[in-house]
Amino acid sequence: MNERVANVVSSDTGWGFTRRHERAARDEEFTAFVAAATPRLRRTAYLMCRDWHLAQDLTQLTLARMYASWGRIGRNANLAAYSRRVLMNAVFDQRKRRSGAEVVLADLPDRPGDPAGPTAELHVTLMRALSTLPVRDQAIVVLRHWEDHSVDTVAEILGVSASVVKMRSMRALGRLRELLGEDFVLQ
Amino acid sequence: MPDHLKDLFDRVLDDEPVPPDGDLAGQAMAQGRGIRRRRGLIVGGSVASAIVAVVVALNLTPAPAGPPPQVSAAAARLAQAEPQCTWPVPDDATDVSIFLRQDVTERQRTGLRDALDGDPLVRNLVFETRQEAYEKFKVLWRDSPDLVAAVDASQLPESFRLELTTPAQYPAFAARFAGRAGVEDLIGGMCP
């Protein structure tokens, strides 16, 4: 703070102008980022929570948190990876708060008369199967196989090693194959 | 299999509803500023514990000679942080606090008051004595009796509190007053 006041004193009134100018440029950059990144962030969020309203809220929260740190993120940062990290943390937090939800979803495929029974379309069944996996494994599957991020990027996003990503990914795909049965392998 | 998986996910996303209208970036920026503000208050908390350490260390020094050291303006700064305001802000400030040096002279104090009184940007000018600062300090730190016990009024700085008629003029105002004789620190805040 003392430094800041010193800056004000030493650089005269130009300082305030420069600051405002910088902030306007930063806001412009952020607005462009929001326009470019939002559709994909929302879809990734949806694949994680299977609720478009919640996906919208999680996306909004992600953008707000990114703006709060926008000055520190830096121009050369990998914004795609960074935004996924913020989003996934929001998803994990949200799951922790309503940790009962997963169990309920996991029960659904066996309910008699459920439209998503054996005759349901494969993509519906996939989402139900996905929901039975641990949430971090769901994140690995979505980031790797829908977002198409590299193993290293997924590792960076989730803050784990690349070997953990490979191992969990293999295990998760194996589990999905088990749950989805022959259809999944044959198609 | 992974390619196939991507196709399936794309089919899941086929029924995506039309995204809501509205200024998404603007909303995110407003919400983001709120997050940053709250984060600032948390950082303030850690500054406070640093001050506790410093003050306690000072009091352990055997037989202090001369007047007690003035608690850094950081402590005083916290003593005025109304929760609805953001301190400090670099530009566009509605409220300003000017902390005086421990050794400020009567002449410097009067000179500063006259200058502030005559400044068209200033309104609601108030002088805060050490005792008034201490009363505020006690209320603000009522949860930390150790800190309150370690500080007395003589260690807190006097200050002028004022509002600016034009918040955008704050940088120029700060440039005029921060360097004046007798001024220890000048900070601006944004209050709703």
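The values are calculated or read from the model by the stated rules, or taken from the named source; none is laboratory data. Quantities reported herein were computed from a predicted structural model and do not represent experimental measurements. Ideal geometry is used to build each Cβ from the backbone, glycine not excepted, and the neighbour counts take in all protein chains shown. Ligands, DNA and RNA are stripped out before the accessible areas are found, and what is left, the full protein with its side chains, is counted by its heavy atoms. Shrake-Rupley method; radii C 1.70, N 1.55, O 1.52, S 1.80 Å.
Annotations for the structure displayed:
- Residue check for A:ASP148: more than 13 Å from every other protein chain (Cβ to nearest Cβ) and either modelled with pLDDT of 90 or more or buried (at least 17 other Cβ atoms within 10 Å of the Cβ) (or both): no
- Among the residues here, B:VAL89 does not qualify as part of a loop (DSSP other than H, G, I, E, B), open to solvent by less than 50 Å² (accessible area, probe 1.4 Å) and over 30 Å from A:ARG23 (Cα atoms).
- All of B:VAL151, B:VAL139, B:VAL126, B:VAL122 fail the test of being among the aliphatic types (A, V, I, L, M), surrounded by 21 or more Cβ atoms within 10 Å (Cβ to Cβ) and away from chain A (no Cβ under 14 Å), apart from B:VAL151.
- Taking the stretch B:108-134 as the range and being among the aliphatic types (A, V, I, L, M) and modelled with pLDDT under 90 as the test, only B:ALA133 passes.
- Residue in the stretch A:16-29 that is at pLDDT 75 or above, open to solvent by less than 60 Å² (accessible area, probe 1.4 Å) and at the interface with chain B (Cβ under 10 Å from one of its Cβ atoms) present: yes
- Contact map, the stretch A:44-69: residues that are within 8 Å of chain B (Cβ to nearest Cβ) and closer than 19 Å to B:ASP21 by Cβ paired with residues that are β-branched (Val, Ile, Thr) and open to solvent by less than 30 Å² (accessible area, probe 1.4 Å), Cβ distance under 7 Å, separation 6+ or inter-chain. Pairs shown: A:LEU63/A:VAL34; A:ALA64/B:ILE35.
- Near pairs, Cβ below 8 angstrom, 6+ apart or cross-chain, from the stretch A:78-99 (in contact (Cβ under 8 Å) with a residue 24 or more places away in the chain) to any residue that is among the hydroxyl-bearing types (Ser, Thr, Tyr) and open to solvent by less than 20 Å² (accessible area, probe 1.4 Å): A:SER83/A:THR62; A:ARG84/A:THR44; A:VAL86/A:THR62; A:LEU87/A:THR44; A:LEU87/A:THR59; A:LEU87/A:THR62; A:ALA90/A:THR62
- Among residues that are over 18 Å from B:CYS85 (Cα atoms), aliphatic (A, V, I, L, M) and modelled with pLDDT of 90 or more, B:VAL151 is not included.
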